[in-house]
Amino acid sequence: MRVLFSKRRSLLLPALLMSLVLMTAQALAQAGPAPQTMIPAPPQVAAKSWFLMDADSGRVLIEHNADERLPPASLTKLMTAYLVERELDRGNIGMDDMVRVSENAWRTGGSKMFIEVDTEVSIRDLLYGIIIASGNDASVAVAEHLAGGESPFADLMNQHATRLGLHNTNFTNSTGLPHPEQYSSARDMALLSQYIINDYPEHYAVYAEKYFTYSDIRQPNRNRLLWRDPTVDGLKTGWTTEAGYGLVASAKRDDMRLISVVMGTSSEEARAQETQKLLSYGFRYYETMNLYEQGAVLNAPRIWGGERNELRVGVDENVFMTVPRARNQELSARLDIRQDLTAPISQGDRVGTLEVRLGDDVVGEQALVALESIEEGNIFKRLFDQVRRFFSNLVGGWFD
């Protein structure tokens, strides 16, 4: 991948770049036209809505009616589980904490993990019951434990939906049981799953479990792809008469992870087959690369008036790009760094932009940040740099 720097003052750089361009053009002319990457049209999917994205780069590969508001059924439990995982991560609850089962939770209809009224159940068992057995009783039990009831818990779910940028989602309960004001979209379900995978990886293994046993009752995970495709390791199924059959799935092959969503399919088998279409297409025709690691130093521009003369600049998170297979050689990066950087600068301050292109198309942008803090230099250093910067600006960078 080529890296180009902008806003640099070297007089030699344009000449060198021109020579490289001419040499490259001559080599390409001799070699003949480069082979084109052939990507077929996306598959047609028998569902009301579908969506496919890369979990690391966030690139959307396929979508259809992705923002249509549809009943999510038990896909709702992705948010219920996410909030449990968030509370575990923050230390507000523990896996071994015990939850007393109310009559309200026990009486909840639909799928169950079969908890008994007035018994105590661990957070661990309830989390497994929500994710694997799709227990409505378990969902209500944690809602009551964390928020005092389903209504305040639904309010909490909606606050987090807003925080996560789920613009076509609204919850009225923790279970996904039908309600006219309970809806979500394929895009929102994929984004929520991305947060589950990336924010709380220590809990994600639960979504790949094929069975859950509680009170001597062994229940299978309803995600059939866990048995058919060893690369699939999550996430959640859903069904009601109104919603049809839905599935949010994720699979990882080599270093690439995809998230797919189908909503409104006709059967359990259909949701598995249609999901497999999406995943197969994505893995076959695209690849994802980690271009830069978090903390990678990409440049060290001049900084004026500081205790040091150079500032290490880079990215504060991993930079991933998803591109058609066999086109990664067309990637190039451009660093647009702010001119006249002046101390003091704090670690994490934004100082420019990393722009990634695939051929002529911009495929990603990332903030460039200071990777270190630089304090002001002493009075003599600041005065010396003021004079030096004046002459540097006057004659085009010779005094940098």
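The values are calculated or read from the model by the stated rules, or taken from the named source; none is laboratory data. Note that this is a predicted model, so its numbers are computed, not measured. We place every Cβ from the backbone using ideal geometry, glycine too, and count neighbours over all the protein chains shown. When the accessible area is computed, the model is the full protein with side chains, heavy atoms only, and any ligands, DNA or RNA have been set aside. Shrake-Rupley method; radii C 1.70, N 1.55, O 1.52, S 1.80 Å.
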Which members of the stretch 331-372 meet the condition of being over 25 Å from Ser57 (Cβ atoms), open to solvent by 30 Å² or more (accessible area, probe 1.4 Å) and among the β-branched types (Val, Ile, Thr)? Thr342
So, Ala81, is that one of a type in the set (Gly, Ala, Ser), closer than 21 Å to Ile259 by Cα and open to solvent by less than 10 Å² (accessible area, probe 1.4 Å) or not? yes
Per-region count, the stretch 239-277, residues within 24 Å of Gly109 (Cα to Cα) and assigned to a loop (DSSP other than H, G, I, E, B): 5
For the stretch 373-389, which positions are open to solvent by less than 30 Å² (accessible area, probe 1.4 Å) and either assigned to a strand (DSSP E or B) or modelled with pLDDT of 95 or more (or both)? Ile374
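Is there a residue being more than 17 Å from the chain's Cα centre (by Cα), over 30 Å from Ser346 (Cα atoms) and open to solvent by less than 30 Å² (accessible area, probe 1.4 Å) anywhere in the stretch 288-304?
The answer is no, given that none of the residues of the stretch 288-304 is more than 17 Å from the chain's Cα centre (by Cα), over 30 Å from Ser346 (Cα atoms) and open to solvent by less than 30 Å² (accessible area, probe 1.4 Å).
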Check whether at least one residue in the stretch 11-25 is of a type in the set (Val, Ile, Thr), open to solvent by 70 Å² or more (accessible area, probe 1.4 Å) and modelled with pLDDT under 95, and report yes or no. yes
When every residue in the stretch 211-266 that is of a type in the set (Ser, Thr, Tyr) and surrounded by fewer than 20 Cβ atoms within 10 Å (Cβ to Cβ) is compared, the one farthest from Leu279 (Cα to Cα) is Ser215
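Table: residues versus (1) within 15 Å of Ile259 (Cα to Cα); (2) under 22 Å from the mean Cα position of the chain (by Cα).
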| site | (1), (2) |
| --- | --- |
| Ser184 | no, yes |
| Ile196 | yes, yes |
| Ala208 | yes, yes |
| Pro220 | no, no |
| Arg228 | no, no |
